[in-house]
Amino acid sequence: MLQIEDLYVEVAGRPLLKNVSLTVEKGETTILFGPNGAGKSALLSTIMGFSNYKITSGKIYFKGKDITEAPINERAKMGIGIMSQRPPNIAGVKLRDLLEIETHKNLLNLEEMARSIDMERFLERDINVGFSGGEIKRSELLQLSVQRPDFYLLDEPESGVDPVNMAQVGNMIRKLICNKKACTSHDPERKASLVITHTGEILDYLDADKAYILCNGTVMCSGNPNRLLKEIKTQGYDECIRCKMNLTQIQ
Amino acid sequence: MAENKSNAKDKETAERISKSLDKEAMYGGHVDLKLYHIPDESIEVKKMTDLDSIIKSSLTNVGISADGNAGGNFLMYNNKVSHRSSAQEGLEIMSVKEAREKYDWLEDYWWKLVSPEADKYTARSYMEDSDGYFIRVLPGTKITSPVQSCLMIGSEEALQTVHNIIIVEEGAELEVVTGCLTHDGVQRALHIGVSEMYVKKNGKLTFSMIHDWDESVEVRPRTGIRIEEGGLMTNNYVCLKPAKSIQTNPSAYLEGEGATAYFNTIAVAHPDSVLDMGSRVFLNASHTKTEIISRTITIGGEVISRGDIIGNAPEVYGHLECNGLVLNENGSQKAIPALEAHAMDVEMTHEAAIGRIARDQVEYLMTRGLDENEATSLIVRGFLSAGIEGIPEILKEDIDDIIKKTADAS
């Protein structure tokens, strides 16, 4: 589904990602761990194609096509969908104005979709203006459920969501990724995803297949998501960094 | 004898006012009045449905429908009244000259909110004995269906001078939609529109003006508004189509306790045009309130957004908001908000912001599959609609056209 090869990225002349290679297979739920400032959000933003993130070398392939230079909307049309952590406010543009463009095309019932996640009254509100943390997540998920991508980029879906709303957000994500069917890991019917998480809370809702740890802008390790999360929780990120350093020395 | 005396007085007044025929306006570029003439051409129709189809279709561009279903209609073509009709009880619509003949008391409203000596434009309108609309709602009458008025220029190099009076009597309510436009083919013209609006105690007036001029038309509206106790005036001004220059700065005088005035402006400055637009509100009684909001875009022209709130009584509230976008390197924006207080316990604020379309907003919408133009259109439409609640569908198309033009040019 997604293949990243030796990616180097800078923002305003400052290198953020170096030598990043990773793959996400069809139907795979992939987790991205890493300390603050490791470059996790930068990686998702680069995959989506935001212009601030300048690729200095390396390639991104999606569904077998080179999208390294593709504009954002092309990537969206090919099936990439992002749930941003801090999307911008757009004053004067109602959530309905944006969503109707897509629902008209696909003959979806917007009211019904919004009602199912208790977002009906938000349709008349300006996009993200005055939304709480949980409301931003639900708005992003409503947009994604209209967009129906094949590959989900989820940037910390649990951040800013209180425990009560976490179940709602978690279950919505599960429903989107499982493509409405009950699903387990490596189910080919599932939508692929790359999910950033700090706390691992989202793993209660997703059967994750694989995880990468990103440190200092580069991939340090990969492995079983639950095992890696356990290690991070007991030993922090140091252990992983150390193991990588040793590996490099041995090589 | 009495008549002679009044004639003499009239002559004296005319002489005095004629001294202002060369007086330049405080704002706005110089317009040479000699380049324009008062045209003779006029049209007259019994019913709006009798208008020819070209005029009808032009009218839809300024939100005026000629289907004859409006609560009232007024149409002026060049300097003569073409049509006037009222379909509602308690609503009077006639030409201002007819009204002056009918009502002696109209003298108390005649050129009382706009001084004929203000500048050469007002002086010229006065000296031309200009006609225009007289719209009056009788006390306690709530007009449910909006009145449409239309000022159309149909002759090349025409000087259109108009004098309008609106009176909303005590407890009455009225909505007026005014469309100002040039008729198919007219390129150069000057429009001078003098409007005097009176909102009596607890009256309510919503006045929306949509301009659709041509690239070489110069526009000098002169408006005065008086609002009494508990009265409410909402003034919407929309100008998205090209014009050579517009200079307008309506003044509202809030004279009664709790009177309120809202001014909303959305405008686009096309290449080589100058839009000098403002609103001035005098809060002359306690608990009066005003909000002046403007959203302007330049795609190559010059925008000057003025706003003045003058607090002359205690416990008044005023807020001014000028937001501008510069979408073309040749465009310019200047915001001049001003607050003035001559009393204690006033609350007056302003904010002004000039900028460009935020890249992160465009890209965010693009992640949902919109292309760059679609995303920009949506954002600009949002920017403008934040200026006026509920932009009519027809204007949305105009905005999309403008965005497309801007995108093509860049």
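In this structure, does B:ILE310 turn out to be assigned to a strand (DSSP E or B) and over 27 Å from A:ASN89 (Cα atoms)?
yes
Go through the range A:135-161 and give me each residue that's part of a helix (DSSP H, G or I) and open to solvent by 10 Å² or more (accessible area, probe 1.4 Å).
Once the filter is applied, which keeps residues that are part of a helix (DSSP H, G or I) and open to solvent by 10 Å² or more (accessible area, probe 1.4 Å), the range A:135-161 yields A:GLU135, A:ILE136, A:ARG138, A:SER145, A:GLN147.
Suppose we filter the range B:42-97 for residues that are in a helix (DSSP H, G or I) and hydroxyl-bearing (Ser, Thr, Tyr); how many remain?
So the count comes out to 5.
Select from the range B:104-117 the residues that are surrounded by fewer than 18 Cβ atoms within 10 Å (Cβ to Cβ) and touching a strand residue (DSSP E or B) at 6+ places or on another chain (Cβ under 9 Å) and list them in ascending order.
Across the range B:104-117, the qualifying residues are B:LEU106, B:TRP110, B:LYS112, B:SER115.
Let me confirm something: among A:SER193, A:SER132, which residue is open to solvent by 40 Å² or more (accessible area, probe 1.4 Å), at negative phi, in contact (Cβ under 8 Å) with a residue 12 or more places away in the chain and of a type in the set (Gly, Ala, Ser)?
The unique qualifying residue is A:SER132.
Considering only strands (runs of 3 or more DSSP E) fully contained in the range A:1-108, which possess at least 1 residues that are touching a residue at least 24 places away in the same chain (Cβ under 8 Å), more than 11 Å from chain B (Cβ to nearest Cβ) and open to solvent by less than 30 Å² (accessible area, probe 1.4 Å)?
Once the strands (runs of 3 or more DSSP E) in the range A:1-108 are filtered for at least 1 residues that are touching a residue at least 24 places away in the same chain (Cβ under 8 Å), more than 11 Å from chain B (Cβ to nearest Cβ) and open to solvent by less than 30 Å² (accessible area, probe 1.4 Å), what remains is A:2-11, A:14-24, A:29-33, A:53-62.
Applying the selection to the range A:143-169, what residues are without any contact (Cβ under 8 Å) to a residue 40 or more places away in the chain, among the polar types (S, T, N, Q) and away from chain B (no Cβ under 14 Å)?
A:ASN165
Residues to consider are B:LYS47, B:LYS9; find the one that is over 17 Å from B:CYS180 (Cα atoms), of a type in the set (Lys, Arg) and touching a Gly at 6+ places or on another chain (Cβ under 8 Å).
Of B:LYS47, B:LYS9, the one residue that is over 17 Å from B:CYS180 (Cα atoms), of a type in the set (Lys, Arg) and touching a Gly at 6+ places or on another chain (Cβ under 8 Å) is B:LYS47.
From the residues in the range A:196-211 that are surrounded by 15 or more Cβ atoms within 10 Å (Cβ to Cβ) and among the charged types (D, E, K, R), which one is farthest from A:GLY223 (Cα to Cα)?
A:GLU201
Given A:LEU141, A:LEU194, which one is of a type outside the set (Ser, Thr, Tyr), out of contact with any Leu (no Cβ under 6 Å at 6 or more places or on another chain) and closer than 23 Å to A:LYS26 by Cβ?
A:LEU141
Is it the case that some residue within the range B:54-66 is among the hydrophobic types (A, V, I, L, M, F, W, C), open to solvent by less than 80 Å² (accessible area, probe 1.4 Å), in contact (Cβ under 8 Å) with a residue 60 or more places away in the chain and more than 23 Å from B:THR223 (Cβ to Cβ)?
yes
Out of the range A:119-161, which residues are among the polar types (S, T, N, Q) and in contact with a helix residue (DSSP H, G or I) (Cβ under 8 Å, 6 or more places away or on another chain)?
Residues satisfying the conditions are A:ASN128, A:SER139, A:GLN143, A:SER145, A:GLN147, A:SER159.
One residue is enough: does the range B:213-230 have a residue meeting the conditions touching a residue at least 24 places away in the same chain (Cβ under 8 Å), in a strand (DSSP E or B) and of a type in the set (Asp, Glu)?
Yes, the conditions are met somewhere in the range B:213-230.
Looking at B:ALA313, B:ALA343, can you tell me which residue is over 23 Å from the mean Cα position of the chain (by Cα), surrounded by 18 or more Cβ atoms within 10 Å (Cβ to Cβ) and more than 14 Å from every other protein chain (Cβ to nearest Cβ)?
B:ALA313
Can you tell me how many residues in the range B:241-262 are open to solvent by less than 10 Å² (accessible area, probe 1.4 Å) and modelled with pLDDT under 95?
Going through the range B:241-262 one residue at a time, the tally reaches 1.
Would you be able to say whether some residue in the range B:357-376 is open to solvent by 60 Å² or more (accessible area, probe 1.4 Å) and away from chain A (no Cβ under 13 Å)?
no
So, in the range A:109-134, of the ones that are part of a loop (DSSP other than H, G, I, E, B) and within 11 Å of chain B (Cβ to nearest Cβ), which residue ends up nearest to A:GLU158 (Cα to Cα)?
Across the range A:109-134, the extreme among qualifying residues is A:ASN128.
Inspect all residues belonging to the range B:316-326 and state whether any of them is in a loop (DSSP other than H, G, I, E, B), away from chain A (no Cβ under 14 Å), out of contact with any Gly (no Cβ under 9 Å at 6 or more places or on another chain) and surrounded by 21 or more Cβ atoms within 10 Å (Cβ to Cβ).
Checked against the condition, which is being in a loop (DSSP other than H, G, I, E, B), away from chain A (no Cβ under 14 Å), out of contact with any Gly (no Cβ under 9 Å at 6 or more places or on another chain) and surrounded by 21 or more Cβ atoms within 10 Å (Cβ to Cβ), the range B:316-326 yields at least one hit.
If you check B:THR206, B:THR144, which single one turns out to be part of a strand (DSSP E or B), open to solvent by 30 Å² or more (accessible area, probe 1.4 Å) and either small (Gly, Ala, Ser) or in contact with a strand residue (DSSP E or B) (Cβ under 9 Å, 6 or more places away or on another chain) (or both)?
B:THR206 is the lone residue from the list that is part of a strand (DSSP E or B), open to solvent by 30 Å² or more (accessible area, probe 1.4 Å) and either small (Gly, Ala, Ser) or in contact with a strand residue (DSSP E or B) (Cβ under 9 Å, 6 or more places away or on another chain) (or both).
Just one of the numbered conditions (1) among the basic types (Lys, Arg); (2) part of a helix (DSSP H, G or I); (3) touching a residue at least 40 places away in the same chain (Cβ under 8 Å) is not true of B:ARG100; which one?
In the conditions (1) among the basic types (Lys, Arg); (2) part of a helix (DSSP H, G or I); (3) touching a residue at least 40 places away in the same chain (Cβ under 8 Å), B:ARG100 misses (3) alone.
The values are calculated or read from the model by the stated rules, or taken from the named source; none is laboratory data. All figures in this text were calculated on a predicted structure; none of them were measured in a lab. Heads up, the Cβs are rebuilt from the backbone with ideal geometry, glycines too, and the neighbour counts pull from every protein chain shown. Heads up: the accessible areas ignore ligands, DNA and RNA and are worked out on the full protein's heavy atoms, side chains in. Shrake-Rupley method; radii C 1.70, N 1.55, O 1.52, S 1.80 Å.
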